Amino acid sequence: MTQAISVFSFPTRIVFGPGALRELGAEAERLGIERPLLVTDAGVVACGIAERVDSQARAAGLRPALFSDVNPNPVENNVHDGLEAYRRENCDGVIGLGGGSPLDTAKAIRLVATHPFPLEQYDDQLDGGAKIRAGLPPMIAIATTAGTGSEVGRSTVIILKSNDRKTVIFSPHLMPDVAIADPELTLGMPPKITAGTGLDALTHNVEAYLARGFHPLCDAIALQGARLAFQNLPRAVRNGRDLEARSNMLMAAMMGAVAFQKGLGAVHSLAHPLSSIANLHHGTVNGILLPHVLEFNREVSEERLRDLAVAMEIQTSGRSTAESAAALIARLRKFLEEVDIPPTLGALGIRVEMIPLLAKKAMEDACHQSNPRACSESDMVALYQRAL
C-alpha cells in the first residue's frame, strides 16, 4: 500500500435491471424535470426505442422535446444545435438516450447551457475541468448499447473544430444524475454493433487495469468487468435476445467506465484518430488494436496481464507469468474471430499512407499518458503498421 494521499470517486445513482425504464417518471420527478430535451440519434429513432422512451415519459406526465441530430462520432456542431433546441423548447433537463455518442452530446449540451467558454477551453489536456462548476441542468442517462459506459462516466468526448480531434472534457459535474440501465433496451441489437460496443467495454476494463497509477478500487472493478465482457460478449453476439448476457454486458460497460477514471492507455490514443479522421467505429478499432498494444506493453505488464488471464479464466496453471501473459494476448486474438471482428485495420480501409497523420494525432491524445509503457510517435507508427 502506498503512503501517498489518494482521492477516489465513484459513480452516480444507477437504476439497473430488466424493466428499469418504468422508473423514468419517478426519477424525473425526483430531479424536478418536466420538459426534458431527449437527446438521441437517428439509429435509436429508426429502431423505435426513442418512441418507446418518449411514450414512457409522456405516460409519466413529462413533455419531452426530441433532438436526434447526433453524428456517430459527435462533433461540435451537434452540441450547439442541441443547445439551440434546449433553449427553443424551454427545457429544464436532459435525457440522453443511446450509445456513447448521444450520451456524450447530452452531457456537452448541459455544459454549454450553463458555461460561457468555447468547448476547447474545457479540454482535459489543458486542465479544463477546473473551469466546470456545479449547477448543470439535471440529466437522466439511458444506455441502449453496452460499450462506452458513458451513462455513469464523468467525461464527454467531442470532435472539436479548433483542434480536429476527439477531445475529452472531464469533470465530476458532467456525470448524469441518474443512469437507467435497462438491458431490455439492448435486446436485438445487431451482431456487428453488439461486438463493436462490447469490445469497447472490454478494452476499457483491460486498459484501466493496466494503467499507471494507484487505484485498487478501480483495479478490482476492472478485473470483474473484463471477466463479464469476456464471458458474455460472444453469447450476446450469437443471440441478440439473451437477456442474461445482455444484462452482464451492460454491467461490464458501466464497470469499465467507472474503472477508467484511473486512466486508459495507448489503445485509446490510437483509436481516437481512427474515428475523427477515418470515421471508424471506436469500439471495433479498440478490439483490433488491443492485442498489439498488449504485446507492446508486455515487457512492463506481465504480472497484470497474468491477473487478467486469471480473471478471464484463461489457463494459467503450470505456466509462468510470461507464458500466462502471452496466453492472454493469444486468446484475445482468437476472441476477435469469435465475435466476427476483422483482424486488421486494412480490412476497414486504413492505408499505410494514412499512418503518419494518425500517429501525430495519437500523440496529441492524452490517453497514452497513463499507458504502462511510455509511447513515442515512432511507437505509434509501429503499432499502426502491425495492426494494418
Filtering the range 267-310 down to residues that are more than 22 Å from ALA330 (Cα to Cα), hydroxyl-bearing (Ser, Thr, Tyr) and over 15 Å from the mean Cα position of the chain (by Cα) yields SER276
For a quick check of your reading: which strands (runs of 3 or more DSSP E) sit entirely within the range 150-236 and have at least 1 residues that are closer than 22 Å to LEU38 by Cβ, among the polar types (S, T, N, Q) and in contact (Cβ under 8 Å) with a residue 24 or more places away in the chain?
155-159
Among residues of the range 311-345 being in a helix (DSSP H, G or I) and among the small types (Gly, Ala, Ser), the residue surrounded by the most Cβ atoms within 10 Å (Cβ to Cβ) is ALA325
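To keep it simple, each residue is scored yes or no on (1) under 14 Å from ASP365 (Cβ atoms); (2) of a type in the set (Ser, Thr, Tyr).
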{"residue": "ARG246", "(1), (2)": "no, no"}
{"residue": "ALA253", "(1), (2)": "no, no"}
{"residue": "LEU264", "(1), (2)": "yes, no"}
{"residue": "ASN279", "(1), (2)": "no, no"}
{"residue": "THR284", "(1), (2)": "no, yes"}
{"residue": "GLY287", "(1), (2)": "no, no"}
So, first residue under 15 Å from ILE158 (Cα atoms) in the range 273-287, second residue of a type in the set (Gly, Ala, Ser) and in a helix (DSSP H, G or I), Cβ within less than 8 Å, six or more apart or across chains; the pairs are PRO273/ALA362; HIS281/GLY196; HIS281/SER275; HIS282/GLY100; HIS282/GLY196; HIS282/ALA271; HIS282/SER275
Scope the range 355-388; condition part of a loop (DSSP other than H, G, I, E, B) and closer than 20 Å to ALA278 by Cα; matching residues:
ASP365, LEU388
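Throughout, read-outs are computed from the coordinates displayed, never taken from laboratory work. Computed from a prediction, not measured in an experiment: that's the story for all the values here. Here the Cβ is made from the backbone with ideal geometry for all residues, glycine too, and neighbour counts use every protein chain on show.
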